[in-house]
Every structure is written in C-alpha cells, then in structure tokens.
1. Looking at (1) over 19 Å from residue 107 (Cβ atoms); (2) modelled with pLDDT of 95 or more; (3) in a loop (DSSP other than H, G, I, E, B), find the lone condition where residue 163 falls short.
2. Can you find even one residue in the range 141-162 that is surrounded by fewer than 21 Cβ atoms within 10 Å (Cβ to Cβ), under 20 Å from residue 95 (Cα atoms) and within 9 Å of the chain's Cα centre (by Cα)?
3. Is it true that some residue in the range 46-65 is part of a strand (DSSP E or B), modelled with pLDDT of 90 or more and either out of contact with any strand residue (DSSP E or B) (no Cβ under 6 Å at 6 or more places or on another chain) or farther than 20 Å from residue 11 by Cβ (or both)?
4. What about residue 127, is it in a loop (DSSP other than H, G, I, E, B), more than 18 Å from the chain's Cα centre (by Cα), free of Cβ contacts under 8 Å to residues at least 60 places away in the same chain and farther than 19 Å from residue 208 by Cβ?
5. Which number in (1) modelled with pLDDT of 95 or more; (2) surrounded by fewer than 21 Cβ atoms within 10 Å (Cβ to Cβ); (3) within 23 Å of residue 119 (Cβ to Cβ) marks the one condition that residue 195 misses?
C-alpha cells in the first residue's frame with residue numbers, strides 16, 4: 001500500500017472533494033505519480049494551481065481517468081487544501097491519548113466515522129477518517145485517528161475500510177449500505193447506524209453507560225452473558 005502520511009491523506013481527500021467530477025482514487029494516484037513516495041505535507045506544499053489544471057486537462061492523464069471540467073475557483077480551493085491552509089481547524093483534534101494493552105481491563109475498542117473535528121458525522125464509504133476509542137466503564141480514550149484515503153486506493157475499498165478497523169468491536173456510522181455492512185461484519189466488527197451527527201464522545205458515553213448491564217446485542221459483542229438473560233436464568237433455576 002502506498003505510503004501517505006496521515007496529514008497528507010486528509011489534505012488530498014479534502015482537495016478531491018472540491019474538484020467536482022474527479023475520482024478520489026484517480027486523483028490520489030496522480031498525486032503519488034507527481035510527487036513520488038512517500039507523500040507528505042511538505043511535498044504537497046509544492047503543488048500549484050497550474051499543476052492541477054494541467055493534470056485535469058492533459059491527455060497523458062487519461063490513464064488515471066481524472067480528466068474533467070473544473071473551474072478556477074475550485075482549483076484554487078483544492079490547492080489551499082493541499083497546502084493545509086483550510087484544514088488547520090479540522091486538524092485541531094484532541095491529542096491522541098497513550099494506550100497499551102492491559103491499561104483498561106475489560107475495555108472494548110470503538111471506531112467512529114468522522115469528517116471534521118471530533119465528530120460522528122461520516123458515512124462508512126466516504127468518511128475521511130475513523131476515530132478510534134478505547135472504552136471502559138469509567139474511561140474513554142481517543143487512541144488513534146486513521147485516514148481512509150489509502151484504503152480507497154484498494155480494488156475493494158469497502159473491504160479495505162473494514163480491514164482498517166478490524167481491531168475494533170463496534171463502528172458508529174451515519175449510514176452504511178448492505179454490502180458494505182456485510183464486509184464490516186465479516187471483519188468481526190458490529191456496525192451501528194447513528195444518523196444524527198454530533199460529538200463522538202457523547203455517543204460513546206451513551207454506550208459506556210450500559211456496559212454494566214449490556215443489552216443482548218452488546219453482550220454478544222463483548223462475549224459475555226447479558227445481564228437480563230442472566231437474571232432470567234437465575235429465576236428459572238430458583
């Protein structure tokens with residue numbers, strides 16, 4: 001898989017979004033070809049509006065299928081994204097909190113599809129990144145932020161996105177299609193649709209509040225017996 005730094009991946013994905021009609025995968029392939037590996041923020045800062053205009057109109061780019069009509073304002077905005085000028089606020093995430101296996105006994109790992117800040121506001125197939133949390137009964141830690149751009153270069157991007165979070169037990173998304181959901185499940189992750197965008201930690205906190213007495217679906221994810229089923233069994237034995 002291509003080596004692209006986390007910051008560069010975010011900038012490329014944002015730039016591709018403002019270039020209407022441009023395929024993100026093809027655009028990324030052009031960036032890699034233009035800059036060489038690894039792709040990082042310093043290299044992106046060297047790209048110009050002329051570079052993008054040439055890439056989107058030159059015949060030699062037909063092999064990457066990014067030829068399209070894009071106006072000059074969109075090109076300028078895309079370059080600002082590549083330079084990092086318009087993503088500073090988006091990159092203002094809380095610091096990643098250190099975590100080692102065993103730090104939080106009985107905890108689980110939760111992914112959140114996100115586009116901006118520390119928010120749950122992403123669709124599984126298009127979110128710019130996944131926020132990765134370690135969750136226990138009394139603590140929530142943001143332990144990683146994983147851009148999805150490199151996964152989108154894969155032949156099967158949904159399978160690659162699922163593999164990106166396969167160390168998690170649960171993933172929150174605003175929406176996900178049936179085929180993609182099946183790939184998430186095959187990766188051993190339980191998808192939860194949460195259509196209302198909002199602060200990721202608030203959503204995670206709601207999950208945290210039921211860890212002591214998990215409902216059947218969560219008990220299955222955790223590999224424990226649901227409290228309600230346990231109580232029923234005790235009454236039956238009595």
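The values are calculated or read from the model by the stated rules, or taken from the named source; none is laboratory data. Predicted model, so just to flag it, every value in this text is computed and none were measured. Heads up, the Cβs are rebuilt from the backbone with ideal geometry, glycines too, and the neighbour counts pull from every protein chain shown.
1. With respect to (1) over 19 Å from residue 107 (Cβ atoms); (2) modelled with pLDDT of 95 or more; (3) in a loop (DSSP other than H, G, I, E, B), residue 163 is out only on (3).
2. Scanning the range 141-162 turns up at least one residue that is surrounded by fewer than 21 Cβ atoms within 10 Å (Cβ to Cβ), under 20 Å from residue 95 (Cα atoms) and within 9 Å of the chain's Cα centre (by Cα).
3. no
4. no
5. Condition not satisfied by residue 195: (1).
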